[in-house]
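J.: I have a structure here, written as structure tokens, and I will follow up with some questions on it.
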Amino acid sequence: LVPAIARPDPDGGYELIAGHRRHHASELAGKETMPVIVRDLDDDAATIIMVDSNLQREELLPSERAFAYKMKLEAMKHQGARTDLTSTQVGRKLENRESREILAEQVGQSRNQISRFIRLTELIPTLLDMVDERKIAFNPAVELSYLKKEEQTLLLEAMDSEQATPSLSQAQRLKKFSQQKMLSLDVMRAVMSEEKKTDLD
């Protein structure tokens, strides 16, 4: 129904930009060919098309969405004020805020929500996996992304020893202690061992 998109490879042949799963499905179905649109695309335009194609998928993990938004935003900023592939290149670069507004409009999310997703890319891989596995909720994860990488590693130890993951209010307190340069393993354990509001209820 939808042709894949490729660009000419300078070394010969083509590079598939969007349609990798369609290509795999065609191979499984024993198809010799599949419909593909070939375009001359620079790296930024190719990135935007690839990300847009991936964002169409039904089930995206929070980490996939986070890195997709981040990649698309970077490409949009490099590309300038161009938001489609037909208009002429505009000389000035997009401001960060403008890029986020355009992206927010395109994906049907608020600019704030885009920023929150992108914050997840600051998490260490183990914590990000826990978000994908729904062991840590989205909102606390955004707060935890403000902790330094070494603090995030210590947090794993605190979570393990307390057998708990932080609630939103606990994550906010951990972030505050981090900003005040007072976050240690003992502080983390103390915060994590507090009874959560829901437990008290």
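J.: Starting from the Cα gyration tensor of region 118-201, take the square roots of the eigenvalues, sort them a ≥ b ≥ c, and report rounded, prolate or oblate (rounded when a/c is under 1.5, otherwise prolate if a/b is larger than b/c, else oblate). Spell out each step's value before the answer.
T.: Values: a/c = 1.44, a/b = 1.11, b/c = 1.29.
Taking the square roots of the gyration eigenvalues as a ≥ b ≥ c, region 118-201 is rounded.
J.: Heavy-atom accessible area per residue, the chain, 1.4 Å probe: how many Å²? Can you show the working numbers first?
T.: On the way: 12200 Å² over 201 residues.
I get 61 Å² per residue for this part.
J.: Working out 0.36 nm times the residue gap between residue 121 and residue 163, then minus their Cα-Cα distance, what length gain in nm do you get to one decimal?
T.: Extending this stretch completely gives an extra 12.7 nm.
J.: Quick one: 3J(HN,Hα) in Hz for region 182-192, Karplus 6.51/-1.76/1.60 with θ = phi - 60°, rounded, Gly and Pro as x.
T.: Going residue by residue, I get 10, 8, 10, 4, 5, 4, 4, 4, 4, 5, 5 Hz, with x marking Gly and Pro.
J.: Ok, one more. Going by alpha carbons, how many degrees (0 to 90, nearest 10) lie between the helix axis of 96-107 and the longest principal axis of the chain?
T.: Orientation of helix 96-107: about 70 degrees from the principal axis.
J.: Step through the residues of region 37-45 one at a time and calculate ³J(HN,Hα) from phi using the Karplus curve (6.51 cos²θ - 1.76 cosθ + 1.60, θ = phi - 60°), rounding each to whole Hz and writing x for Gly and Pro.
T.: Result, rounded to whole Hz: 9, 9, 10, 7, 10, 7, 4, 5, 4.
J.: I've got another one for you. Given H placed 1.01 Å from N in the peptide plane, which residues other than close sequence neighbours of residue 15 have an amide H under 5 Å from its amide H?
T.: For residue 15, the qualifying residues are 7, 9.
J.: Additional query: Between residue 33 and residue 149, what is the FRET efficiency for a Förster distance of 41 Å, r being their Cβ-Cβ separation, to the nearest 0.05? Intermediate results must be reported in sequence, preceding the final value.
T.: Values: r = 47 Å, r/R0 = 1.15.
Once the sixth-power term is evaluated, E becomes 0.30.
J.: Classify region 18-80 from the C-alpha gyration tensor, please: rounded if a/c falls under 1.5, else prolate or oblate depending on whether a/b exceeds b/c. Before the final figure, lay out the partial values.
T.: Numbers: a/c = 4.09, a/b = 1.45, b/c = 2.81.
The shape class here is oblate.
J.: Computed from the coordinates I sent, Cα extents along the principal axes in Å equals one of (i) 41, 37, 34; (ii) 62, 44, 26; (iii) 60, 46, 34. Tell me the label.
T.: Computing Cα extents along the principal axes in Å and matching it to (i) 41, 37, 34; (ii) 62, 44, 26; (iii) 60, 46, 34 gives (iii).
J.: Take the cross-link list 70/149; 135/181; 31/70 and give me the ones stretching past 30 Å between alpha-carbons.
T.: Details: 70/149 19 Å; 135/181 27 Å; 31/70 35 Å.
Result: 31/70 exceed 30 Å.
J.: Once phi is turned into ³J(HN,Hα) by the Karplus curve 6.51 cos²θ - 1.76 cosθ + 1.60 with θ = phi - 60°, what whole-Hz value does each residue of region 135-142 show in order, with x for glycine and proline?
T.: Result, ordered by residue: 7, 10, 6, 4, 4, x, 4, 4 Hz.
J.: Among 115, 75, 19, pick out the residue whose Cα is farthest towards the positive end of the charge dipole of the chain, where Lys and Arg carry +1 and Asp and Glu carry -1 on C-beta, about the Cα centre.
T.: 115
J.: Just the number, please: carbon plus sulfur as a percent of the accessible area of the chain, 1.4 Å probe, no ligands or DNA/RNA counted.
T.: Values: 6140 of 12200 Å².
Taking all protein chains in place, the chain shows 50 percent carbon and sulfur surface.
J.: Subtracting the Cα-Cα distance from 0.36 nm times the residue separation, let me have the gained length for residue 11 to residue 156 in nm, one decimal. Let's see the in-between values first.
T.: Numbers: separation 145, 0.36 × 145 = 52.20 nm, distance 4.58 nm.
Going from the current span to full extension adds 47.6 nm.
The values are calculated or read from the model by the stated rules, or taken from the named source; none is laboratory data. In this text, all values refer to a predicted model and were calculated from it rather than measured experimentally. Glycine also receives a Cβ, built like all others from the backbone with ideal geometry; neighbour counts cover every protein chain displayed. Side chains are part of the model used for accessible areas, which takes the heavy atoms of the whole protein and leaves out ligands, DNA and RNA. Shrake-Rupley method; radii C 1.70, N 1.55, O 1.52, S 1.80 Å.
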